[in-house]
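Novice: Below is a structure I'd like to ask you about.
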Amino acid sequence: MRLTTVWLTDFRNYENLEIQLDEGFTAVLGPNGAGKTNLVESLALLATLKSFRRAPTESLIRKGATKAVVRATGIRDDREVLIELELAKGRTRAQVNRQPLKRTRDLLGALRVTVFGPDDLALVKEGPSVRREYVDDLIVALDPAADAVVSDLDRIVRQRNALLRQMSGPNDEASLLTLDIWDEKLAAAGEHLTIRRENLLADLMPLATASYRVLSDTDVDLVAYYNRSWQTERMSEAIAIARANDQRRGSTSVGPHRDDIGVSVGGFDSRTECSQGEQRTLALALRLAGHRLLAERLGEPPLLLLDDVLSELDPDRARALLASLPPGQTVITSAQGLPPDTVPDQILVHHGDRLEVQESFTAANASPPDTPPVSND
Ligand SMILES: Nc1ncnc2c1ncn2[C@@H]1O[C@H](COP(=O)(O)OP(=O)(O)OP(=O)(O)O)[C@@H](O)[C@H]1O
Ligand SMILES: [Mg+2]
């Protein structure tokens, strides 16, 4: 699905905003604090109902207002689709074509997005939980039904931990019987998710390597490793071996929530040995790989949202990114302007609290030599 018009009411710093989005590449330009990330956040919200900045609903509502509305029309299979979100403290209501959604999961799939923002450096720099979440999010984006696997696992681990902590001792018979049940559930869901993650990484890494090579103009290989928290043939055996220890510590030491995921770039560990710029390039390559995988499998590229991506890259990498944008609808925000030879299909510029189409620029009549450079350098 591609978006055509977006309306924001009392969303973040926007009291009322209406924008038309081109079906190709839109650049959103404006100074710090203009509302560029807020706009990207609203577009991502239409697909996921969650802030990609992990902000609570209250911060999405304009200060002083009681609710925010994010509304958009889009086109899918030649039909118009209307998505409407109403955010108020403590509740979010979503409708697609004026039909209320029963579950969040029902929205997944109406619109799909790939978001890359400055915080994505965490994907490389931080501990394995960020990478586990990245992989799990991709699994769910490819197959919304897998949402149940991921959330079940989370619940199983939490409940098993709670039980371990409340057991009165190693011979608490009643609790041991309940523990048996949680162990079985953990083994079944855990093994399933582990295998899905390993398969996903195997599919993803060739695409990530290709993206990284284009961005960096090198021919390095990216290699991902997935270190399971269990080495036995079946996960149930490892859970049984770890049980006494888990009881003493009151936590679950075996399962996908403890698995380690990492990536090396040309043989260097990305977390501890790559430069800051290489880490940024890797994070971007990983997002773009996920994007391409979704586009391939779903037969249609998600909406690609690249927030402030250019300031993170050196001029050659920025140019390489813009020259190799995947097909489909793309929104790129920038506080510095664009490299001089960039030709977006549409440029939106912030003027105070307004966001306007840059009139001197229309893609139809833009040929590169006549295009005024947008860059301020
Ligand atoms: N709930 C809210 N109500 C009103 N204004 C808000 C709300 N939340 C954030 N803002 C304001 O929105 C402004 C724009 O934020 P945003 O992150 O979108 O800027 P930006 O254009 O991405 O800037 P930068 O280039 O620095 O990343 C901020 O100045 C912030 O004060
Ligand atoms: Mg921003």
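The values are calculated or read from the model by the stated rules, or taken from the named source; none is laboratory data. Computed from a predicted model, the values in this text were never measured in an experiment. Here Cβ is always computed from backbone atoms with ideal geometry, including for glycine, and neighbour counts include all displayed protein chains. Surface areas here come from the heavy atoms of the whole protein model, side chains and all, with no ligands, DNA or RNA. Shrake-Rupley method; radii C 1.70, N 1.55, O 1.52, S 1.80 Å.
Novice: Please compute the length gained on full extension between residue 237 and residue 343, using 0.36 nm multiplied by the number of residues separating them and subtracting their Cα-Cα distance.
Specialist: The residue 237-residue 343 span can extend by a further 32.4 nm.
Novice: Cβ under 13 Å from residue 7's Cβ, residue 7 left aside: what net charge do those residues give with Lys, Arg +1 and Asp, Glu -1?
Specialist: Numbers: positive: 71; negative: 10, 15, 18, 84, 86.
With Lys, Arg at +1 and Asp, Glu at -1, the net is -4.
Novice: Still on this structure, I have one more. Hey, which of these cross-link pairs are over 28 Å Cα-Cα: 36/67; 36/102; 50/102?
Specialist: As for pairs spanning more than 28 Å Cα to Cα, those are 36/102.
Novice: Viscosity 1.002 mPa s, temperature 20 °C: Stokes-Einstein D of the range 1-53 from its Kirkwood Cα radius, in µm² per second?
Specialist: 180
Novice: Continuing with this model, one more query. Lys/Arg Cβ at +1, Asp/Glu Cβ at -1, dipole of the range 120-301 taken about the Cα centre: which of 261, 166, 215 is farthest positive-ward?
Specialist: Toward the positive end, the furthest listed residue is 166.
Novice: Send over a whole-number figure in Å² for the accessible area per residue of the chain, probe 1.4 Å.
Specialist: About 48 Å² of surface per residue is accessible.
Novice: Using the crude model of +1 on Lys and Arg Cβ and -1 on Asp and Glu Cβ, and no other charge, please compute the dipole size for the chain relative to its Cα centre, in debye to 20. If you can, show how the numbers build up before the last one.
Specialist: Working: 45 positive and 56 negative charges, 293 e Å.
Taking the Cα centre of the chain as origin, the dipole is about 1400 debye.
Novice: Can you list which of the GluC sites (Glu not before Pro) found in the range 1-66 are DSSP loop residues with at most 14 other C-beta atoms within 10 Å?
Specialist: Passing both the DSSP loop test and the Cβ count: 23.
Novice: Mind listing the long-range amide H neighbours of residue 116? Cut-off is under 5 Å, sequence gap 5 or more, other chains count too, H placed in the peptide plane at 1.01 Å from N.
Specialist: 305, 306, 307
Novice: Mind listing the phi-derived Karplus ³J(HN,Hα) values for the range 187-198, rounded to whole Hz, using 6.51, -1.76 and 1.60 with θ = phi - 60°, and x for any glycine or proline?
Specialist: 5, 5, 5, x, 5, 4, 5, 4, 5, 5, 5, 4
Novice: Report the Stokes-Einstein translational diffusion coefficient (µm² s⁻¹, integer) for the range 19-167, Rh taken as the Kirkwood radius over Cα pairs, at 10 °C with viscosity 1.306 mPa s.
Specialist: For the chosen part, D equals 90 µm²/s.
Novice: Taking the simple approach of a point 7 Å from Cα along Cα-to-Cβ for both residue 80 and residue 219, what is their distance in nm?
Specialist: Between residue 80 and residue 219, the label points sit 5.2 nm apart.
Novice: Now a separate question. Using a 1.4 Å probe on the protein heavy atoms, what percent of the accessible area of the range 120-301 belongs to carbon and sulfur?
Specialist: Looking at the range 120-301 in its full context, I get 49 percent from C and S.
Novice: In whole Hz, with x marking every Gly and Pro, tabulate ³J(HN,Hα) for the range 159-169 from phi via Karplus 6.51 cos²θ - 1.76 cosθ + 1.60, θ = phi - 60°.
Specialist: 6, 5, 4, 4, 5, 4, 6, 8, 5, 7, x
Novice: To continue, here is another question. Using amide H atoms built in the peptide plane, which far-off residues or other-chain residues are under 5 Å from residue 349 H to H?
Specialist: Excluding prolines and chain starts, which carry no amide H, the hits are 29, 356, 357, 358.
Novice: Between residue 129 and residue 173, what's the calculated FRET efficiency when r is the beta-carbon distance and R0 is 35 Å? Round to 0.05.
Specialist: Rounded to the nearest 0.05, the efficiency is 0.50.
Novice: What are the ³J(HN,Hα) values, in whole Hz, obtained from phi via the Karplus relation 6.51 cos²θ - 1.76 cosθ + 1.60 with θ = phi - 60°, for each residue of the range 290-295 in sequence order, with x given for Gly and Pro?
Specialist: My calculation for the range 290-295 gives x, 4, 5, 4, 4, 4 Hz in order.
Novice: How high is the FRET efficiency between residue 181 and residue 16 when r is their beta carbon distance and R₀ equals 45 Å, given to the nearest 0.05?
Specialist: With a Förster radius of 45 Å, E is 0.25.
Novice: Taking 0.36 nm per intervening residue step and subtracting the Cα-Cα distance, what contour gain separates residue 260 from residue 99 on full extension?
Specialist: Value of the extension gain: 53.8 nm.
Novice: What is the extension gain from residue 248 to residue 359, computed as 0.36 nm multiplied by their sequence separation minus the C-alpha to C-alpha distance, in nm to one decimal?
Specialist: Details: separation 111, 0.36 × 111 = 39.96 nm, distance 6.77 nm.
Roughly 33.2 nm would be gained on extension.
Novice: If I model the chain as equal point scatterers sitting on the Cα atoms and use the Debye formula, what is log10 I(q)/I(0) at q = 0.06, 0.09, 0.10, 0.15 Å⁻¹?
Specialist: Here log10 of I(q) over I(0) equals -0.27, -0.59, -0.72, -1.35.
Novice: Sticking with this structure for a sec: Which residues in the range 287-318 place their backbone N less than 13 Å from a point set 7 Å from the Cα of residue 143 along the Cα-to-Cβ direction?
Specialist: The answer is none.
Novice: Can I ask one more? Got a sec? Charge dipole of the range 1-86, +1 on Cβ for Lys and Arg, -1 for Asp and Glu; which of 44, 81, 60 is way out at the positive end?
Specialist: 60
Novice: From the P(r) of the range 120-301, can you give the percent of Cα pairs sitting at distances over 23 Å?
Specialist: Values: 7838 of 16471 pairs.
The share of Cα pairs beyond 23 Å in the range 120-301 comes to 48 percent.
Novice: Using a Förster radius of 25 Å, what is the FRET efficiency between residue 159 and residue 119 based on their Cβ-Cβ separation? Nearest 0.05, please.
Specialist: Step by step, r from the Cβ atoms, then E = 0.25.
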